[in-house]
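Worksheet for the structure shown next.
The values are calculated or read from the model by the stated rules, or taken from the named source; none is laboratory data. Because the structure is a prediction, the values reported are computed rather than measured. With ideal geometry, Cβ positions are generated from the backbone for all residues, glycine too; neighbour counts draw on all protein chains shown. Heads up: the accessible areas ignore ligands, DNA and RNA and are worked out on the full protein's heavy atoms, side chains in. Shrake-Rupley method; radii C 1.70, N 1.55, O 1.52, S 1.80 Å.
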Amino acid sequence: MSYDDERVVELDDDLPVLVEQTRDDTPAGWGERETSNDDRLLDERPPHWD
């Protein structure tokens with residue numbers, strides 16, 4: 001029997017095992033800039049939506 005067999009390992013369920021999204025899955029991972037259309041879309045919002 002080795003010391004590792006007797007060692008207590010506490011698992012923390014709050015830590016994610018895998019990340020939700022890797023950098024390769026983002027526009028930055030593909031060499032693109034992160035841009036947002038939100039400001040333009042809000043400016044061009046139809047008046048009947050207010």
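Packing order of peptides 35-45, 4-14, highest average first: 35-45, 4-14 (average count of other Cβ atoms within 10 Å over each peptide's residues). Taking all protein chains as shown and a probe of 1.4 angstrom, Glu34 keeps an accessible surface of around 130 Å². When the inverse distances between all different Cα atoms of the chain are averaged and flipped, the Kirkwood radius reads 16.5 angstrom. What the Cβ-Cβ distance of Asp50 and Thr26 gives, at R0 = 30 Å and to the nearest 0.05, is a FRET efficiency of 0.35.
Protein-only accessible surface at a 1.4 angstrom probe places the residues Trp49, Trp30 in the order Trp30, Trp49, largest first.
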